[in-house]
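These notes are about the structure you will find just below.
The values are calculated or read from the model by the stated rules, or taken from the named source; none is laboratory data. No experiment lies behind these values; they were computed from the predicted model shown. Here the Cβ positions follow ideal geometry from the backbone for every residue, glycine too, while neighbour counts run over all protein chains shown. Heads up: the accessible areas ignore ligands, DNA and RNA and are worked out on the full protein's heavy atoms, side chains in. Shrake-Rupley method; radii C 1.70, N 1.55, O 1.52, S 1.80 Å.
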Amino acid sequence: MRQSDPRPLSPHLQVYRPMLTMALSIIHRITGSALYFGSALLVWWVFAAAMGPEAYATFQSVAASLPGQVILFGFTWALVHHLIGGLKHLVWDTGRGFDLVTVERMARLSVAASVTITLVIWAVVLFSGGNP
Amino acid sequence: MSSFRTPLGRVRGLGSAKSGTAHFWQQRATAIAGVPLVLFLIWLAVNLAGADYATARSLLSHPAVTIVLALSFFVILKHMRLGMQVIIEDYVHVESWKMIVLLANSVFTYVVGAGALYALARLTFGAMQ
């Protein structure tokens, strides 16, 4: 930040001991940003389906490639995690769940839930033989 | 500086900009609306993963699916534009850059939205290839 005089600044991230709740707060932003660009992939999918078989085949071959699968797996987890993180924030918006025990429990639960749900989604896709 | 206005008086009418809580409120409203819509998108993607073109095309152009997709894009794009705006305002402090990046945020959102709009229109009105 440009300032005319070097006024003291409030302490930022580096002075705090890293904690799960802090990491999740940052991850909520990072997943949100990733999903922001992921929206273009979502539109590409629907767009390709609208354009015709060749465009759809191109999309599918990219999606089925190894980098494509890695990106789609990351996309799935980011989406599920941001969704659960968002629900957590909506609970906090009502003024509930701010005591340390609850906050820590919600943090652990949200990580466990996002990982589990992501794995379940991919298991359903893979075991239903849907994977291209 | 002390104010003679009551807290209620200050908050009523949302202040001089008349939009004090609009951003916060829209972020929450689109978040709540996004929950069922994202669940729908996950269901749709799982359903069509690896499906052939004809199956994908016929499901995506089903009126109910196309309409909920339109809702999803509208809500999601609004939510992500608001979210990215906050991130930009938090981290970009040079005024000229901030303005450019905020405009880029809007441009990106509208371009993605225009692509979605065209795709949904073509799914609905276009002949199956």
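Remarks
- For the range A:65-127, accessible area per residue (1.4 Å probe, heavy atoms of protein chains only), Å²: 59
- Per-residue [θ]222 nm for chain B (sum of -39500 (n - 2.57) over DSSP H runs n ≥ 4, rounded to 500): -26500 deg cm²/dmol
- In chain A, the DSSP-assigned H stretches of four residues or longer account for a calculated mean residue ellipticity at 222 nm of -27000 deg cm²/dmol, using -39500 (n - 2.57) per stretch and the full residue count as denominator.
- Within the accessible surface of the protein assembly as shown, defined with a 1.4 Å probe on protein heavy atoms only, the carbon and sulfur portion equals 72 percent.
- Taking 10 °C and 1.306 mPa s as conditions, chain A diffuses translationally at an estimated 90 µm²/s according to Stokes-Einstein applied to its Kirkwood radius (Cα pairs).
- Heavy-atom accessible area, probed at 1.4 angstrom with all protein chains present, ranks A:Ser110, B:Ser61 as B:Ser61, A:Ser110, highest first.
- The range B:93-114-the range B:59-83 distance, computed between alpha-carbon centres (Å): 21
- The range A:103-125 and the range A:50-80: distance between their alpha carbon centers, rounded to Å: 22
- Net lengthening on full extension, A:Ala64/A:Asp99 (0.36 nm per residue, minus Cα-Cα): 8.1 nm
- Distance histogram in 10 Å bins (all Cα pairs of the protein assembly as shown, percent per bin): 6, 24, 31, 23, 11, 4, 1
- Residues in the range B:23-125 average 53 Å² of solvent-accessible surface per residue, probe 1.4 Å, ligands and nucleic acids excluded.
- Size of charge dipole - the range B:1-117 - debye, nearest 20, with Cβ of Lys, Arg +1 and Asp, Glu -1, no other charges: 540
- B versus A: buried accessible surface, summed, Å² (probe 1.4 Å, to nearest 100): 3200
- Two tests apply to each whole DSSP H helix in chain A, Cα reach of 27 Å or more along its axis and mean Kyte-Doolittle hydropathy of at least 0.5, and the ones passing both are A:20-51, A:66-93, A:100-127.
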